[in-house]
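Participant: Here's a structure for you.
Taken together, the values in this text are just the output of simple stated rules run on the coordinates, not laboratory data. Every value quoted in this text rests on a predicted model; they were computed, and no experiment measured them. Glycine gets a Cβ as well: all are built from the backbone with ideal geometry, and neighbour counts include every protein chain shown.
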Amino acid sequence: MTKDVEVAEHHGGGGEYTTAKDYHDPPPAPFFDAEELTKWSFYRALIAEFVATLLFLYVTVLTVIGYKSQTDPKLDLDQCGGVGILGIAWAFGGMIFILVYCTAGISGGHINPAVTFGLFLARKVSLIRALGYMIAQCLGAICGVGLVKAFQSSYYNRYGGGANELADGYNKGTGLGAEIIGTFVLVYTVFSATDPKRSARDSHVPVLAPLPIGFAVFMVHLATIPITGTGINPARSFGAAVIYNNEKAWDDQWIFWVGPFIGAFAAAFYHQFVLRAGAIKALGSFRSNA
C-alpha cells in the first residue's frame, strides 16, 4: 500500500492556508484466490457481467444490422437514411457508458475480456475472477447476438450478422495494429478514470468514470469501423462469430483476440509502470530491502 500527500497553498485576501490530501492505493488482489468461489458477491458479479454483455451485443449488433438494411442499395432506399457510422459509434459508446454505470458497483463494469485482462495484469482482480469474467462475457455476447438473430432472422445473415471482419483493401497487419491501438486507448482510459490517486488529487473536478470510458469507445469506433468494424472487445467479436458462423469471420477472429490483449497489456504497463511510476517504486523497494 502506498500513500501520497499533496499540498496546496493559497495566498491572498490577507490569509494563507495549506491543505493536504492523501490517498491509499487498495492492496493488490491475490493472484489466485480460491475463497472467492465461496462468496455470493463473486457469482453476482459474474451474472452482472453476463447480462451487461448480453445487452451490449443485443443493442449494438441490432444497430449495425438496422443501418445496413436501411441503406441497402438493392432496395432503392434513401442512402442517407439510417443512423450512419456516427450513429453506430454512438450506439457502442453509449451502451458502454450506460452499462458501466449500472454494473460498476457490482462487478466493476468490465464488459470486455481485454479490460479484464488489463486489470488482472495490474493486480486489480484475481486470476479466478478474471477467468470467470471472461467466460461470462463471452457467453453473454453469444446470447445477445442469438437474440438479434431470433428477432431479425430475415436480415441477420443477409447483412453480415454484425460480425467483425477485416475490410477489403486492408492487410492483416493493419487490422491488428488498429485493434492494438484502439484497445490501448480504451484500457488506458479505464485506468485513468478509475485511478484512486487521480480521484484524490482532482476531487474538486467531479468526473463520472463511465463517461470518459464510453467516449473512448465512441472515438475508437469512428476511427476503426472502416478497417475492422471495430472489435477492441474479444467477447463482442467472438459472440458475433459464433452465431453468424461465417468462414471469413473465423479466419479473422485471431485479430480480435491478439490485438486487444496486446493493447491491454501495453496500456496496463504504461499506466502502472510509467505514469504511476511503478517501476521506480519497485526499484526503490528492492534497494531498501537489499
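Participant: With θ taken as phi - 60° and the coefficients 6.51, -1.76 and 1.60, list the Karplus ³J(HN,Hα) couplings across the range 260-270 in order, rounded to whole Hz; mark glycine and proline as x.
Facilitator: x, 6, 5, x, 5, 4, 4, 5, 5, 5, 4
Participant: Once amide H atoms are built 1.01 Å from N in the peptide plane, which residues 5 or more positions from D25, or in another chain, come under 5 Å H to H?
Facilitator: The list, which skips near neighbours in sequence, is T2.
Participant: For the range 112-119, just list the computed ³J(HN,Hα) in residue order, Karplus coefficients 6.51, -1.76 and 1.60, θ = phi - 60°, integers in Hz, with x standing in for Gly and Pro.
Facilitator: Values per residue, Gly and Pro as x: 6, x, 5, 5, 4, 4, x, 5 Hz.
Participant: Continuing with the same structure: At 7 Å along the Cα-to-beta-carbon direction for both I98 and V83, put a label point, then send me their distance in nm to one decimal.
Facilitator: Spacing of the two 7 Å Cα→Cβ label points: 0.9 nm.
Participant: Residue farthest toward the positive end of the dipole of the range 63-188, with Cβ of Lys/Arg at +1 and Asp/Glu at -1: which of Y155, I85, I180?
Facilitator: With unit charges placed on the Cβ atoms, the residue in question is I180.
Participant: While we're here: Please compare each pair in K68/K172; K74/K248; K172/K197; K124/K172; K149/K248 to a cut-off of 29 Å on the Cα-Cα distance and tell me which ones are over it.
Facilitator: K172/K197; K124/K172
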